Amino acid sequence: MVEVHSRSVTFTPSPKARYLVGDFTDWDRQPIPLEHPVTLEFPPAAYLEYAFLDEDKKPFPDPDNPHKAQNPWWNYPRAVELPGFRPEAAPMPSRAAEVHRHRLESKAFSIPRRYYVYQPGRPPRTTLYIHDGVAYYRTARFSEIAEALCESGQIEPVRMVFIEPEDRRQEYWFSQRYETHLLEEIIPEVECHYGPTPHNGLWGASLGGLVSSWLAFRHPQIFQIVGTQSACLTASPTGGDSYHDPEWLTEQYAAAERLPLRFYCETGQIEWLLPANRRFAAMLADKGYVHGYLERPSGHNWMTWKQGLEPGLKFLLGV
């Protein structure tokens, strides 16, 4: 059970709850023991997600909180909204955004792979390659937001390619196999079916934000714009700990000449990646990159990321 106050939340454990986890504990990294109710303070107008752990440290939802989180991967997170939280309503188009499913035989992975393509009604100038594609397509409704913004003349027409991973951690962690899959399989097939566009971009959340920034760094002649949300910048090619690895990619950008890239970056204030994203944004400013950076009073979750889709598209593709 939760009791919401103006700047804090009191969590009262259910009978089998032994620990509390959520955006504010890096989920399973720093569980809070629950021997009695716990009160935690948060930013004003915050949105957060949490769950309980049993004695075996298996997560389960708070049975007294019916407010389910909009999470495409797990069903146990529950949501809490502090007073003043006002989610920005996403614009919706007058007609359905047409999204087509594709399947290709991947030589890079030796198995069939799927991806989805949203093709706008007018010829697009940019193709945006989006990681964790099914979640962005179905949960976040990214193509509908793009269609609505294009209808109202706020952004230029954009094609969206929603790429779905099989093992996102392996594929998004500086994987040259995934790089080959995107550059030598996905992009050529998309351009064969739909035609090339003058510009290309990348978009992703968490590890998807990491791989987007990494691929843009390696191939600025192919990709010109990058959108990241809670990018997992605590990562290293020789590491493997997304909480404690050095910020290797930020160091690479800082040491290199400024590249012809335009960034839009967001992160939540209730997550472990906040300092790393602040340092990345500061590096972009120091190097003179055109970029936008925004923090939201929320955590590492899809509610946070959905809020950033409209402003991100407007910044990167606005007319």
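The values are calculated or read from the model by the stated rules, or taken from the named source; none is laboratory data. Computed from a predicted model, the values in this text were never measured in an experiment. Glycine gets a Cβ as well: all are built from the backbone with ideal geometry, and neighbour counts include every protein chain shown.
The rows are residues; the columns are (1) part of a loop (DSSP other than H, G, I, E, B); (2) under 26 Å from Thr139 (Cβ atoms); (3) without any contact (Cβ under 8 Å) to a residue 60 or more places away in the chain; (4) touching a Lys or Arg at 6+ places or on another chain (Cβ under 6 Å).
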| position | (1), (2), (3), (4) |
| --- | --- |
| Thr267 | no, yes, yes, no |
| Pro275 | no, no, yes, no |
| Arg278 | no, no, yes, no |
| Ala285 | no, no, yes, no |
| Gly292 | no, yes, yes, no |
| His300 | yes, yes, no, no |
| Met303 | no, yes, no, no |
| Lys314 | no, yes, no, no |
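Considering only residues that are outside any loop (DSSP other than H, G, I, E, B) and among the hydrophobic types (A, V, I, L, M, F, W, C), look in region 213-239 and name the one that is nearest to Thr267 (Cα to Cα). Let's see the steps before the verdict.
Of the residues in region 213-239, the ones outside any loop (DSSP other than H, G, I, E, B) are 213-218, 225-229, 235.
With the extra rule that they be among the hydrophobic types (A, V, I, L, M, F, W, C), the set shrinks to 214-217, 225-226, 235.
Numbers: Trp214: 18, Leu215: 20, Ala216: 19, Phe217: 20, Ile225: 18, Val226: 14, Ala235: 16 Å.
Here the answer is Val226.
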**Prompt:** Among the residues of region 127-146 satisfying the criterion of being surrounded by 21 or more Cβ atoms within 10 Å (Cβ to Cβ) and among the β-branched types (Val, Ile, Thr), which is nearest to Ser230 (Cα to Cα)?
**Reply:** Ile130
**Request:** Six or more apart or on different chains, Cβ under 9 Å: which pairs go from a residue in region 6-21 that's more than 16 Å from Tyr47 (Cβ to Cβ) to one that's of a type in the set (Lys, Arg) and modelled with pLDDT under 95? Could you list them?
**Result:** Val21/Arg29
**Prompt:** Only one residue in Leu210, Leu149 is assigned to a helix (DSSP H, G or I), in contact with a Pro (Cβ under 7 Å, 6 or more places away or on another chain) and either surrounded by 23 or more Cβ atoms within 10 Å (Cβ to Cβ) or outside the structural domain of Met303 (by TED's automatic domain parsing) (or both). Which one?
**Reply:** Leu149
**Prompt:** From the residues in region 108-125 that are over 17 Å from Glu179 (Cβ atoms), in contact with an Asp or Glu (Cβ under 7 Å, 6 or more places away or on another chain) and touching a residue at least 60 places away in the same chain (Cβ under 8 Å), which one is surrounded by the fewest Cβ atoms within 10 Å (Cβ to Cβ)?
**Reply:** Arg125
